[in-house]
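Here the structure is laid out as C-alpha coordinates; the discussion comes afterwards.
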Amino acid sequence: MGKIVVFGILCMVLIGIMYGVHHTTAIDEATRALEEAKREVGLMEGAVKYQQNVTAWRKELAAMIAAADILTRDHGVIRAEIRGLEQAETRAADSFVRSVEKVREETVGLVMDEMPLKNGLVLKRVRIQNLDRTEMSVMHSEGISKVLLEDLPDNLKERLRIGMNFVASGSNGSGANRVDSSVSDRIAEMGRFREEAPDKKDEKKVKVKSNPKTDGDPALWNSVTRKSLNRAFIPGQGWLEVGTLGPIPGSGK
Amino acid sequence: MPRPLSVLIPLFGSLVLVLCSTGCGVKGKLEEETQQLRSVVMEKKMEVKRLEMESASVGNLGRYDIPRVEYLSELKDRLASLKRDGARLVAERETKAQSLKRMEDELSAYQTKFPSNN
(Lines give C-alpha, C1' and ligand atoms only; values in the text may rest on other atoms or scores of the structure.)
Protein backbone atom coordinates (compact mmCIF):
# COMPACT_ATOMS: atom_id res chain seq x y z
CA MET A 1 0.00 0.00 0.00
CA GLY A 2 2.82 2.32 0.99
CA LYS A 3 4.55 1.61 -2.31
CA ILE A 4 1.44 2.49 -4.21
CA VAL A 5 1.17 5.76 -2.34
CA VAL A 6 4.83 6.63 -2.99
CA PHE A 7 4.39 5.77 -6.64
CA GLY A 8 1.31 7.94 -6.80
CA ILE A 9 3.19 10.81 -5.18
CA LEU A 10 6.10 10.42 -7.57
CA CYS A 11 3.69 10.42 -10.50
CA MET A 12 2.09 13.59 -9.22
CA VAL A 13 5.49 15.22 -8.72
CA LEU A 14 6.42 14.28 -12.24
CA ILE A 15 3.18 15.63 -13.59
CA GLY A 16 3.74 18.80 -11.55
CA ILE A 17 7.25 19.25 -12.91
CA MET A 18 6.08 18.69 -16.49
CA TYR A 19 3.23 21.07 -16.03
CA GLY A 20 5.56 23.59 -14.44
CA VAL A 21 7.95 23.40 -17.38
CA HIS A 22 5.09 23.67 -19.83
CA HIS A 23 3.58 26.58 -17.96
CA THR A 24 6.87 28.44 -17.71
CA THR A 25 7.40 28.02 -21.41
CA ALA A 26 3.91 29.34 -22.17
CA ILE A 27 4.48 32.36 -19.95
CA ASP A 28 7.82 32.99 -21.62
CA GLU A 29 6.15 32.90 -25.01
CA ALA A 30 3.41 35.23 -23.83
CA THR A 31 6.04 37.58 -22.43
CA ARG A 32 7.96 37.50 -25.71
CA ALA A 33 4.76 38.20 -27.62
CA LEU A 34 4.06 41.09 -25.30
CA GLU A 35 7.56 42.49 -25.77
CA GLU A 36 7.20 42.16 -29.53
CA ALA A 37 3.85 43.93 -29.41
CA LYS A 38 5.38 46.71 -27.32
CA ARG A 39 8.21 47.08 -29.81
CA GLU A 40 5.70 47.24 -32.66
CA VAL A 41 3.72 49.89 -30.83
CA GLY A 42 6.92 51.90 -30.42
CA LEU A 43 7.72 51.57 -34.11
CA MET A 44 4.23 52.52 -35.14
CA GLU A 45 4.29 55.54 -32.86
CA GLY A 46 7.49 56.61 -34.60
CA ALA A 47 5.91 56.01 -38.01
CA VAL A 48 2.86 58.06 -37.07
CA LYS A 49 5.02 60.89 -35.81
CA TYR A 50 7.13 60.85 -38.98
CA GLN A 51 4.06 60.77 -41.21
CA GLN A 52 2.49 63.62 -39.23
CA ASN A 53 5.64 65.66 -39.74
CA VAL A 54 5.78 64.84 -43.45
CA THR A 55 2.12 65.72 -43.90
CA ALA A 56 2.48 68.99 -42.02
CA TRP A 57 5.62 69.77 -43.97
CA ARG A 58 4.03 69.05 -47.33
CA LYS A 59 1.01 71.14 -46.37
CA GLU A 60 3.26 74.03 -45.42
CA LEU A 61 5.26 73.67 -48.63
CA ALA A 62 2.05 73.55 -50.67
CA ALA A 63 0.75 76.68 -48.91
CA MET A 64 4.02 78.50 -49.54
CA ILE A 65 4.09 77.45 -53.20
CA ALA A 66 0.49 78.64 -53.59
CA ALA A 67 1.36 81.94 -51.90
CA ALA A 68 4.36 82.37 -54.19
CA ASP A 69 2.17 81.70 -57.23
CA ILE A 70 -0.40 84.23 -56.06
CA LEU A 71 2.29 86.84 -55.44
CA THR A 72 3.84 86.19 -58.85
CA ARG A 73 0.43 86.59 -60.50
CA ASP A 74 -0.19 89.80 -58.56
CA HIS A 75 3.19 91.12 -59.66
CA GLY A 76 2.24 90.46 -63.28
CA VAL A 77 -0.95 92.48 -62.82
CA ILE A 78 0.90 95.35 -61.14
CA ARG A 79 3.58 95.32 -63.86
CA ALA A 80 0.84 95.55 -66.51
CA GLU A 81 -0.69 98.47 -64.63
CA ILE A 82 2.70 100.18 -64.47
CA ARG A 83 3.15 99.67 -68.22
CA GLY A 84 -0.30 101.19 -68.77
CA LEU A 85 0.58 104.18 -66.60
CA GLU A 86 3.86 104.64 -68.47
CA GLN A 87 2.05 104.57 -71.80
CA ALA A 88 -0.53 107.05 -70.51
CA GLU A 89 2.30 109.28 -69.28
CA THR A 90 3.99 109.08 -72.68
CA ARG A 91 0.72 110.04 -74.36
CA ALA A 92 0.22 112.92 -71.92
CA ALA A 93 3.79 114.09 -72.53
CA ASP A 94 3.27 113.97 -76.30
CA SER A 95 0.07 115.90 -75.91
CA PHE A 96 1.87 118.43 -73.74
CA VAL A 97 4.61 118.83 -76.31
CA ARG A 98 2.08 119.34 -79.08
CA SER A 99 0.24 121.93 -76.99
CA VAL A 100 3.45 123.82 -76.29
CA GLU A 101 4.48 123.65 -79.93
CA LYS A 102 1.12 125.03 -81.03
CA VAL A 103 1.31 127.82 -78.51
CA ARG A 104 4.87 128.61 -79.67
CA GLU A 105 3.75 128.68 -83.30
CA GLU A 106 0.89 130.98 -82.40
CA THR A 107 3.20 133.22 -80.42
CA VAL A 108 4.94 134.26 -83.64
CA GLY A 109 3.04 137.31 -84.78
CA LEU A 110 1.91 138.17 -81.24
CA VAL A 111 1.69 141.88 -80.62
CA MET A 112 2.44 143.38 -77.21
CA ASP A 113 2.33 146.96 -76.03
CA GLU A 114 5.53 146.52 -74.13
CA MET A 115 7.93 143.80 -73.26
CA PRO A 116 10.04 144.31 -70.11
CA LEU A 117 13.19 142.24 -70.46
CA LYS A 118 15.21 140.73 -67.68
CA ASN A 119 18.21 142.78 -68.74
CA GLY A 120 16.31 145.95 -67.83
CA LEU A 121 15.29 147.03 -71.33
CA VAL A 122 11.65 147.64 -72.03
CA LEU A 123 10.61 147.21 -75.65
CA LYS A 124 7.52 149.11 -76.83
CA ARG A 125 4.97 148.09 -79.41
CA VAL A 126 6.45 144.70 -79.88
CA ARG A 127 5.62 142.18 -82.55
CA ILE A 128 7.23 138.77 -82.29
CA GLN A 129 8.64 137.80 -85.66
CA ASN A 130 10.55 134.63 -85.15
CA LEU A 131 11.40 132.18 -82.43
CA ASP A 132 14.10 129.59 -82.23
CA ARG A 133 15.87 127.59 -79.58
CA THR A 134 17.86 130.37 -78.02
CA GLU A 135 16.47 133.67 -79.16
CA MET A 136 13.51 135.53 -80.48
CA SER A 137 13.34 138.19 -83.22
CA VAL A 138 11.05 141.01 -82.34
CA MET A 139 10.03 144.13 -84.20
CA HIS A 140 9.45 147.06 -81.89
CA SER A 141 9.22 150.82 -81.85
CA GLU A 142 12.96 151.20 -82.28
CA GLY A 143 13.53 148.59 -84.95
CA ILE A 144 14.18 144.89 -84.99
CA SER A 145 16.03 143.12 -82.21
CA LYS A 146 17.02 139.66 -81.24
CA VAL A 147 16.21 138.83 -77.66
CA LEU A 148 17.69 135.94 -75.77
CA LEU A 149 14.94 133.70 -74.51
CA GLU A 150 16.36 133.79 -71.02
CA ASP A 151 15.79 137.57 -71.00
CA LEU A 152 12.09 137.25 -71.73
CA PRO A 153 9.59 138.22 -69.05
CA ASP A 154 8.29 135.39 -66.90
CA ASN A 155 4.80 135.37 -68.35
CA LEU A 156 6.23 134.88 -71.85
CA LYS A 157 8.65 132.27 -70.61
CA GLU A 158 5.78 130.43 -69.03
CA ARG A 159 3.77 130.69 -72.21
CA LEU A 160 6.62 129.37 -74.33
CA ARG A 161 7.75 126.91 -71.70
CA ILE A 162 11.34 127.86 -72.25
CA GLY A 163 13.36 124.84 -71.27
CA MET A 164 10.11 123.45 -69.92
CA ASN A 165 11.18 124.62 -66.51
CA PHE A 166 8.23 126.75 -65.59
CA VAL A 167 5.10 125.27 -64.22
CA ALA A 168 1.66 126.74 -64.66
CA SER A 169 1.02 126.13 -60.98
CA GLY A 170 -2.62 125.28 -61.04
CA SER A 171 -3.41 127.56 -63.99
CA ASN A 172 -3.81 130.63 -61.79
CA GLY A 173 -0.55 132.09 -62.95
CA SER A 174 0.59 132.82 -59.43
CA GLY A 175 3.42 130.40 -59.75
CA ALA A 176 4.80 131.68 -62.98
CA ASN A 177 8.14 132.41 -61.41
CA ARG A 178 8.27 129.17 -59.58
CA VAL A 179 10.69 126.73 -61.08
CA ASP A 180 9.38 123.25 -60.74
CA SER A 181 11.30 120.33 -62.05
CA SER A 182 8.57 117.76 -61.59
CA VAL A 183 6.59 117.44 -64.79
CA SER A 184 8.73 119.52 -67.06
CA ASP A 185 11.86 117.70 -66.20
CA ARG A 186 10.00 114.45 -66.58
CA ILE A 187 9.07 115.43 -70.13
CA ALA A 188 12.59 116.65 -70.77
CA GLU A 189 13.91 113.34 -69.48
CA MET A 190 11.65 111.59 -71.91
CA GLY A 191 13.34 113.55 -74.70
CA ARG A 192 10.13 115.07 -75.97
CA PHE A 193 11.32 118.58 -76.61
CA ARG A 194 13.36 119.78 -79.46
CA GLU A 195 15.47 121.91 -77.15
CA GLU A 196 17.03 118.73 -75.93
CA ALA A 197 18.66 117.98 -79.27
CA PRO A 198 18.68 119.70 -82.62
CA ASP A 199 16.17 118.13 -84.97
CA LYS A 200 16.24 117.83 -88.73
CA LYS A 201 15.00 121.37 -89.11
CA ASP A 202 17.96 122.67 -87.13
CA GLU A 203 20.34 120.48 -89.04
CA LYS A 204 18.90 121.84 -92.22
CA LYS A 205 19.26 125.37 -90.98
CA VAL A 206 22.87 124.83 -90.07
CA LYS A 207 23.52 123.23 -93.39
CA VAL A 208 21.93 126.13 -95.23
CA LYS A 209 23.92 128.65 -93.25
CA SER A 210 27.13 126.93 -94.05
CA ASN A 211 26.27 126.97 -97.72
CA PRO A 212 24.50 130.26 -98.38
CA LYS A 213 24.38 129.78 -102.10
CA THR A 214 22.11 126.79 -102.01
CA ASP A 215 18.80 127.10 -103.75
CA GLY A 216 16.92 125.20 -101.04
CA ASP A 217 14.16 122.68 -101.46
CA PRO A 218 11.23 123.97 -103.54
CA ALA A 219 9.06 121.18 -102.19
CA LEU A 220 9.06 122.93 -98.82
CA TRP A 221 6.71 125.54 -100.31
CA ASN A 222 4.00 122.90 -100.26
CA SER A 223 4.11 122.85 -96.49
CA VAL A 224 4.19 126.61 -95.98
CA THR A 225 1.06 127.90 -94.25
CA ARG A 226 2.07 131.50 -93.55
CA LYS A 227 4.51 133.93 -95.08
CA SER A 228 6.30 136.93 -93.74
CA LEU A 229 9.13 139.12 -94.97
CA ASN A 230 11.88 136.72 -96.08
CA ARG A 231 10.34 134.06 -93.90
CA ALA A 232 7.84 131.29 -94.31
CA PHE A 233 6.12 129.25 -91.63
CA ILE A 234 6.01 125.47 -91.87
CA PRO A 235 4.08 123.65 -89.12
CA GLY A 236 6.40 121.58 -87.06
CA GLN A 237 9.49 123.47 -88.28
CA GLY A 238 8.57 127.04 -87.41
CA TRP A 239 9.61 130.16 -89.34
CA LEU A 240 12.31 129.44 -91.90
CA GLU A 241 14.43 131.80 -93.91
CA VAL A 242 13.48 132.17 -97.55
CA GLY A 243 16.12 132.61 -100.20
CA THR A 244 19.82 131.89 -100.19
CA LEU A 245 20.05 132.06 -96.40
CA GLY A 246 17.29 129.57 -95.73
CA PRO A 247 16.16 126.14 -96.77
CA ILE A 248 13.29 127.49 -98.86
CA PRO A 249 14.18 128.84 -102.29
CA GLY A 250 13.27 132.41 -102.95
CA SER A 251 11.32 131.56 -106.06
CA GLY A 252 8.59 129.02 -106.18
CA LYS A 253 5.60 130.57 -104.48
CA MET B 1 -4.02 9.26 13.92
CA PRO B 2 -3.90 9.67 10.16
CA ARG B 3 -0.82 8.68 8.23
CA PRO B 4 1.44 11.53 7.17
CA LEU B 5 1.17 10.59 3.48
CA SER B 6 -2.60 10.69 3.53
CA VAL B 7 -2.26 14.31 4.62
CA LEU B 8 0.56 15.18 2.20
CA ILE B 9 -1.26 13.93 -0.89
CA PRO B 10 -4.21 16.30 -0.66
CA LEU B 11 -1.83 19.12 0.33
CA PHE B 12 0.39 18.54 -2.67
CA GLY B 13 -2.66 18.27 -4.92
CA SER B 14 -3.93 21.59 -3.60
CA LEU B 15 -0.53 23.18 -4.17
CA VAL B 16 -0.46 21.97 -7.76
CA LEU B 17 -3.96 23.28 -8.32
CA VAL B 18 -3.05 26.68 -6.83
CA LEU B 19 0.08 26.89 -8.95
CA CYS B 20 -1.88 25.97 -12.04
CA SER B 21 -4.56 28.51 -11.43
CA THR B 22 -1.99 31.28 -10.69
CA GLY B 23 0.07 30.35 -13.73
CA CYS B 24 -3.01 30.42 -15.93
CA GLY B 25 -3.90 33.86 -14.60
CA VAL B 26 -0.45 35.30 -15.45
CA LYS B 27 -0.49 33.88 -18.91
CA GLY B 28 -4.00 35.14 -19.57
CA LYS B 29 -3.04 38.58 -18.33
CA LEU B 30 0.01 38.64 -20.57
CA GLU B 31 -2.04 37.51 -23.55
CA GLU B 32 -4.69 40.08 -22.86
CA GLU B 33 -2.07 42.85 -22.67
CA THR B 34 -0.48 41.63 -25.89
CA GLN B 35 -3.86 41.66 -27.57
CA GLN B 36 -4.44 45.22 -26.44
CA LEU B 37 -1.08 46.29 -27.78
CA ARG B 38 -1.80 44.60 -31.10
CA SER B 39 -5.02 46.50 -31.41
CA VAL B 40 -3.05 49.69 -30.67
CA VAL B 41 -0.63 48.72 -33.44
CA MET B 42 -3.56 48.26 -35.80
CA GLU B 43 -4.91 51.69 -34.86
CA LYS B 44 -1.51 53.24 -35.46
CA LYS B 45 -1.27 51.54 -38.85
CA MET B 46 -4.66 52.96 -39.77
CA GLU B 47 -3.51 56.39 -38.65
CA VAL B 48 -0.35 56.13 -40.75
CA LYS B 49 -2.46 55.20 -43.76
CA ARG B 50 -4.81 58.13 -43.13
CA LEU B 51 -1.85 60.49 -42.85
CA GLU B 52 -0.34 59.09 -46.04
CA MET B 53 -3.60 59.74 -47.86
CA GLU B 54 -3.80 63.23 -46.39
CA SER B 55 -0.25 63.87 -47.51
CA ALA B 56 -1.00 62.53 -51.00
CA SER B 57 -4.08 64.74 -51.22
CA VAL B 58 -1.77 67.79 -51.08
CA GLY B 59 -0.77 66.86 -54.62
CA ASN B 60 2.52 66.83 -56.48
CA LEU B 61 4.75 69.64 -55.32
CA GLY B 62 7.11 69.39 -58.27
CA ARG B 63 10.71 69.72 -57.28
CA TYR B 64 9.62 70.15 -53.65
CA ASP B 65 7.75 66.84 -53.60
CA ILE B 66 10.46 65.06 -51.67
CA PRO B 67 10.63 66.71 -48.26
CA ARG B 68 13.99 68.25 -47.53
CA VAL B 69 14.93 70.67 -44.81
CA GLU B 70 16.50 73.17 -47.21
CA TYR B 71 13.32 73.46 -49.28
CA LEU B 72 11.45 75.11 -46.46
CA SER B 73 14.06 77.81 -45.99
CA GLU B 74 14.42 78.18 -49.76
CA LEU B 75 10.70 78.79 -50.15
CA LYS B 76 10.66 81.14 -47.17
CA ASP B 77 13.44 83.18 -48.78
CA ARG B 78 11.56 83.16 -52.10
CA LEU B 79 8.38 84.38 -50.43
CA ALA B 80 10.25 87.12 -48.60
CA SER B 81 11.85 88.20 -51.88
CA LEU B 82 8.47 88.19 -53.64
CA LYS B 83 6.96 90.27 -50.86
CA ARG B 84 9.80 92.80 -51.16
CA ASP B 85 9.30 92.91 -54.95
CA GLY B 86 5.57 93.37 -54.43
CA ALA B 87 6.09 96.31 -52.11
CA ARG B 88 8.55 97.85 -54.58
CA LEU B 89 6.13 97.38 -57.49
CA VAL B 90 3.24 98.89 -55.53
CA ALA B 91 5.41 101.89 -54.65
CA GLU B 92 6.48 102.20 -58.30
CA ARG B 93 2.86 102.05 -59.45
CA GLU B 94 1.98 104.72 -56.93
CA THR B 95 4.83 106.94 -58.13
CA LYS B 96 3.86 106.47 -61.78
CA ALA B 97 0.21 107.25 -61.02
CA GLN B 98 1.20 110.42 -59.17
CA SER B 99 3.56 111.42 -61.98
CA LEU B 100 0.83 110.90 -64.57
CA LYS B 101 -1.68 112.85 -62.47
CA ARG B 102 0.78 115.74 -62.09
CA MET B 103 1.46 115.79 -65.80
CA GLU B 104 -2.23 115.68 -66.71
CA ASP B 105 -3.01 118.42 -64.20
CA GLU B 106 -0.21 120.60 -65.54
CA LEU B 107 -1.22 119.97 -69.13
CA SER B 108 -4.80 120.85 -68.30
CA ALA B 109 -3.68 124.00 -66.51
CA TYR B 110 -1.43 124.97 -69.42
CA GLN B 111 -4.14 124.37 -72.00
CA THR B 112 -6.60 126.36 -69.92
CA LYS B 113 -4.20 129.24 -69.52
CA PHE B 114 -2.92 129.21 -73.09
CA PRO B 115 -5.69 127.82 -75.28
CA SER B 116 -4.55 126.94 -78.75
CA ASN B 117 -6.49 127.86 -81.86
CA ASN B 118 -5.65 124.62 -83.64
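The values are calculated or read from the model by the stated rules, or taken from the named source; none is laboratory data. Computed from a prediction, not measured in an experiment: that's the story for all the values here. For neighbour counting, all protein chains shown are included, and Cβ atoms are generated from backbone atoms with ideal geometry for every residue, glycine included. For accessibility, only protein heavy atoms count, side chains too; no ligands or nucleic acids. Shrake-Rupley method; radii C 1.70, N 1.55, O 1.52, S 1.80 Å.
Between A:Asn119 and B:Ala97, how many nm apart are label points set 7 Å from Cα along the C-beta direction?
5.0 nm
Can you work out the PRE-style zone for B:Thr112? Point 7 Å along Cα to Cβ, and I want the residues of region A:129-158 with backbone N under 17 Å.
Residues passing the 17 Å test: none.
Between chains B and A, what is the buried accessible area in Å², counting both sides, with a 1.4 Å probe and ligands, DNA and RNA left out, to the nearest 100? List each step's numbers first, then the result.
Details: alone 11470 and 17500 Å², together 22560 Å².
Chain pair B/A: roughly 6400 Å² of buried accessible area.
Please report Rg (one decimal) and Dmax (integer) in Å for the Cα set of region B:47-118.
26.2, 84
Excluding A:Leu71 itself, calculate the net charge of residues whose Cβ lies under 10 Å from the Cβ of A:Leu71, where each Lys or Arg counts +1 and each Asp or Glu counts -1. Write down the numbers at each step before the final one.
Details: positive: A:Arg73, B:Arg78, B:Lys83; negative: A:Asp69, A:Asp74, B:Asp85.
Taking every other residue near A:Leu71 into account, the sum is 0.
In sequence order, what are the phi-derived ³J(HN,Hα) couplings for region A:10-27 according to the Karplus relation 6.51 cos²θ - 1.76 cosθ + 1.60 with θ = phi - 60°, rounded to whole Hz, with x for glycine and proline?
Using θ = phi - 60°, the values come out as 4, 4, 5, 4, 4, 4, x, 4, 4, 5, x, 4, 4, 5, 4, 4, 4, 5 Hz.
If a/c stays under 1.5 just call it rounded; otherwise compare a/b with b/c (prolate if a/b is bigger, oblate if not). Do that for region A:44-156, with a ≥ b ≥ c from the square roots of the Cα gyration tensor eigenvalues. Let's see the in-between values first.
Numbers: a/c = 9.25, a/b = 5.44, b/c = 1.70.
Judged from the Cα gyration tensor, region A:44-156 comes out prolate (a/c at least 1.5, a/b above b/c).
If I compute solvent accessible area with a 1.4 Å probe over the protein chains, what percent of it on region A:1-142 is carbon and sulfur? Provide the component values of the computation, followed by the final result.
Values: 5030 of 8310 Å².
Carbon and sulfur together cover 61 percent of it.
Return P(r) of region A:47-100 (all Cα-Cα pairs; 10 Å bins starting at 0; whole %; ordered from short to long distances).
The percentages, shortest bin first, are 21, 21, 17, 14, 12, 8, 5, 1.
Hey, got the Cα dimensions of region A:73-114 along the principal axes, in Å, largest first?
62, 15, 5
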